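Worksheet: the structure to be examined is printed underneath.
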Amino acid sequence: MRLFIAINLPAEVREALWETAAPLRAARYPIRWVASEAIHLTLKFLGEVEAEREGEVAAGLAAAAQGAKPFTLAVSGFGVFPSARRPRVVWAGLEPVPPLELLQHQVEREMERLGFPVEGRPFHPHLTLGRAKRDARPAALEGLATELDTLVYEAEVTVDAVDLMQSTLTAQGARYARRHAVALT
């Protein structure tokens with residue numbers, strides 16, 4: 001099964017982000033948009049994991065979250081990765097507060113202990129809203145970054161759990177299901 005570790009946001013925040021990005025969808029950029037219910041913060045993508053390892057991974061997640069307290073996360077700003085000239089991912093920003101960075105580091109460390117490779121890129125907390133289609137030419141995405149600058153949405157959310165998620169790829173996009181939740185106490 002295809003697994004990842006994430007922080008899931010309240011439905012009202014996901015729906016508000018979806019509504020805020022409506023002008024981008026209306027502009028018909030060659031982007032595959034993430035459904036509102038699927039917007040999340042990925043802490044660690046694990047990839048294909050044998051079903052018999054699920055308990056071990058869940059225990060590792062619990063160990064990573066041990067001692068972590070609930071914290072507030074600010075959602076604000078929009079942008080693209082890797083650059084405005086060649087946008088591949090459209091995102092909403094998250095403030096990289098110390099409790100989030102520490103939690104992500106602990107998750108990375110525990111998953112490395114279980115044999116999962118360490119992410120080679122620095123952690124940039126964000127909520128993926130869409131991905132450019134594979135055949136999208138940069139010219140077809142021209143103006144996207146400028147339009148993102150006109151979007152305004154800000155919220156604060158309390159993070160009180162971290163989840164082990166399963167991703168199932170379908171023709172309509174990925175479908176996510178929570179496998180385990182670990183409360184931050």
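We did not get these values from a lab; they are worked out from the coordinates using the rules stated. None of the values given here were measured: they were computed from a predicted structure. Heads up, the Cβs are rebuilt from the backbone with ideal geometry, glycines too, and the neighbour counts pull from every protein chain shown.
Odds and ends about this structure:
- Using the Cβ of residue 17 as centre and a radius below 13 Å, the other residues enclosed give a net charge of -3, where K and R count +1 and D and E count -1.
- Size descriptors for the stretch 86-185, from the alpha-carbon set: Rg then Dmax equal 16.6, 48 Å.
- The Cβ shell under 10 Å around residue 7 holds other residues with a net charge of -2, Lys and Arg each +1, Asp and Glu each -1.
- Rough spin-label spacing in nm, given labels placed 7 Å along Cα→Cβ, for residue 114 and residue 185: 2.0 nm
- Extended-chain gain in nm, criterion 0.36 nm per residue less alpha-carbon gap, residue 85 and residue 158: 22.8 nm
- The ellipsoid equivalent to the alpha-carbon distribution of the chain has semi-axes of 29, 19, 15 angstrom, derived from the gyration tensor eigenvalues as √(5λ) and listed largest first.
- Inter-part distance where the stretch 6-52 and the stretch 55-69 are each reduced to a Cα centre, Å: 24 Å
- Percent of C-alpha pairs per 10 Å bin in the stretch 22-63, short distances first: 19, 33, 25, 16, 7.
- Within the chain, longest stretch clear of exposed GluC sites (Glu not before Pro) (DSSP loop, no more than 13 other Cβ within 10 Å): 51-141
- Here the contact order of the chain, divided by its residue count and restricted to Cα pairs under 8 Å and six or more residues apart, works out to 34 percent.
- Efficiency of FRET between residue 27 and residue 168 - r from beta-carbon atoms, R0 30 angstrom, step 0.05: 0.55
- Counted charge near residue 173, where neighbours are those whose Cβ lies closer than 13 Å (Asp, Glu -1; Lys, Arg +1): +3
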